[in-house]
Amino acid sequence: MAEQGKELKIFTTAQVKEHNTKSSVWIIIHNDIYDVTSFLNEHPGGEEVLIEQAGQEATEAFEDVGHSSDARAMMEQYKIGTLVDSERKPDLPKKSDPEWKESSGSSDVSWKSWIVPIAFGFVATVIYRLYFMS
């Protein structure tokens, strides 16, 4: 585990690939190396998802799940190093918590989406009354 103030080591992907068993699980997320072996039993998604990513690049899988800011903060204690510069990949954007604010344009769209069903219902009612009331 990385300690505060301790300089992190630099690893190659080949070195990370060696840690792909249940007894030693290293993963690469955003070009940083994490030893999550001691976290296997605590992982809320189960140990299988971590073991499946063991020894490899796991950034996309990590971001696809949508981890919380608490989970992102927690992972820092498992950080043991970083990839060598020559093997670093362009960093994928980190997914942030969803924003629930509506822009003014989207409220217009949602209001307009009601017009068609209401108009259809009105026309159907008029046709029904004309057809069956005559």
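Quick note: the coordinates plus some simple rules give every number you see, no bench work behind them. Small disclaimer: the values here were computed from a predicted structure and weren't measured.
Can you tell me how much longer the chain between residue 113 and residue 131 gets when fully stretched, taken as 0.36 nm per residue apart minus their C-alpha distance, in nm with one decimal? Working shown, then result.
Values: separation 18, 0.36 × 18 = 6.48 nm, distance 2.82 nm.
Answer, rounded to one decimal: 3.7 nm.
The per residue volume of the convex hull around the alpha-carbon atoms of segment 9-87 is 84 Å³.
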